[in-house]
Amino acid sequence: MPKRKPTLPIDFPILYIALAVLAFGLIMVLSAGAVRGFNATQNSYYYFSQQLKWTLIGSVFAIIAMKIPYTFLRRFAGIGVLVSIVLLFTILFTDAGIAANGSARWISIAGVTVQPSEIAKLAMVLFYAHILDRYPIQRGSDWRISLGILVPFTVLVLGLVYKQPDLGTTMVIALTCAVMLLQTEIPTIWFVAAVPTLGLPLFYFIRATEYQWERIMVWMDPWKYAMGKGYQITNAEIAFGSGGLFGVGLGRSLQKYGFLPENHTDTIYAIVGEELGLLGTTLLLCLFVALYARAYQVLRECPDRFGRLLGYGITSSLAIQTTINLAVVTGVLPVTGITLPLISYGGASLVITLVKIGLILNLSRYRKTASKERNVKVLTDISV
């Protein structure tokens, strides 16, 4: 693919909305993590300072991602997936994995804790964009090449992530890949057939895994298990109920005093509901919708298939993760450990998310609108 030159500045609405969500997240981490930070380190600002540190680091990487010509990134499509697979294998089959809450999802590299599944999310999007652009699935083309490459790698990555175990991230990656395939001319019947083909084995594995099946039972009637497995979701519901319309006030949450588990990470949205009420949760939801809607609108104007697929994949990955987190915290889906992008505390996830935002802003510089505006300017100059 020939090297392209940017035709416009970055899309500032995307930048401003992303910064607003990021600032919202820093404020909520400061509030939600205060009690836990004091109990653990005698410093109420511990989690906030850590989140701020990772925000600055992630911003540097985001700027780099924003400046690199996006066509250059496809050179790393295969390498990214292979690195992800090696790291996932290392976590599962060596003693290098760092376990927490019953899952081995982290690994320490040169003193830095890395979450390979976060890398796999981005790597799979880049890999799919590259393969689907090089071997497009369209009428009259040979689909066996692209699907023959994508399917084995997808199954391997999903299997390794699920084995950690990490069902939430597995769902994010699987649904993101499906969204990217929907951008091709693959017949709809394939997706219809994929539901039972993949759904039945997944149901079997969930049913055969005791703790995952317990989560399904708890999800169906959380208050029945309120003092056990349903403790997290019932306390999240209490937090939302306590907040009402306007909330109890920023910093005044009671649930963060040891009642709501993971209140600064996976369930931070419940703290938003308690402290800022329905208005606060609605504002945050509107910011997310505006961010992703604007990104989809802008990325439609990418000048080539690779750019559109890359942009759609990145945006869909973030949107799907956001949807799953909000659905879990509000009780729409069973509990699964997955963070809320730009809001939840977490170094690796925040850095990767900021890199994704940087790539979206990168792609926005190449949108086709530039050619229309340039033509209007030329006509205006001629008329003058």
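Taking amide H as placed 1.01 Å from N in the peptide plane, the amide H of residue 114 sits under 5 Å from that of 107, 108, 109, each at least 5 places away or on another chain. Near residue 36: Cβ cut-off under 11 Å, other residues only, Lys/Arg at +1 and Asp/Glu at -1. The net charge is 0. Compute the angle between helix 143-163 and the longest alpha-carbon principal axis of the chain, please, reported from 0 to 90 degrees and rounded to the nearest 10. It works out to around 20 degrees.
Taken one residue at a time, the phi angles of the stretch 319-330 give Karplus couplings (6.51, -1.76, 1.60, θ = phi - 60°) of 5, 5, 4, 4, 4, 5, 4, 5, 5, 5, 5, 8 Hz. Gly and Pro are set to x.
Neighbour counts of other C-beta atoms within 10 Å: give me 130, 264 arranged from fewest to most. Fewest-to-most Cβ neighbours within 10 Å comes out as 130, 264.
By how many degrees, 0 to 90 and rounded to 10, does the Cα axis of helix 369-383 deviate from the longest principal axis of the chain? Helix 369-383 sits at roughly 50 degrees to that axis. Note that the stretch 209-226 has calculated 3J(HN,Hα) couplings of 9, 4, 5, 6, 5, 4, 5, 5, 4, 5, 4, 5, 8, x, 6, 5, 10, 4 Hz, one per residue in order, obtained from phi through the Karplus relation 6.51 cos²θ - 1.76 cosθ + 1.60 (θ = phi - 60°); glycine and proline are x. Relative to the first principal axis of the alpha-carbon coordinates of the chain, what is the inclination of helix 167-182, with its axis defined by its Cα atoms, in degrees from 0 to 90 and to the nearest 10? Tilt relative to the chain: about 20 degrees. Bridging of residue 356 to aspartates and glutamates at a Cα separation below 12 Å is possible for 118, once same-chain residues fewer than 8 apart are set aside. Only Cα sites of the chain enter the Debye sum here, all with the same form factor; the resulting log10 I(q)/I(0) across q = 0.11, 0.13 1/Å is -0.83, -1.14, listed in q order. The mean sequence distance of close C-alpha pairs (under 8 Å, at least 6 residues apart), as a share of the length of the chain, puts its relative contact order at 28 percent. Residues whose amide H comes within less than 5 Å of that of residue 230, counting only those at least five positions distant or on another chain, are 225 (H built at 1.01 Å from N in the peptide plane). With θ taken as phi - 60° and the Karplus curve 6.51 cos²θ - 1.76 cosθ + 1.60 applied, the whole-hertz 3J(HN,Hα) list for the stretch 300-313 is 4, 9, 4, x, 9, 5, 4, x, 5, 5, 4, x, 4, x Hz, x standing for glycine and proline.
Each reported figure results from applying straightforward, stated rules to the coordinates on display, with no laboratory input. Computed from a prediction, not measured in an experiment: that's the story for all the values here. Heads up, the Cβs are rebuilt from the backbone with ideal geometry, glycines too, and the neighbour counts pull from every protein chain shown.
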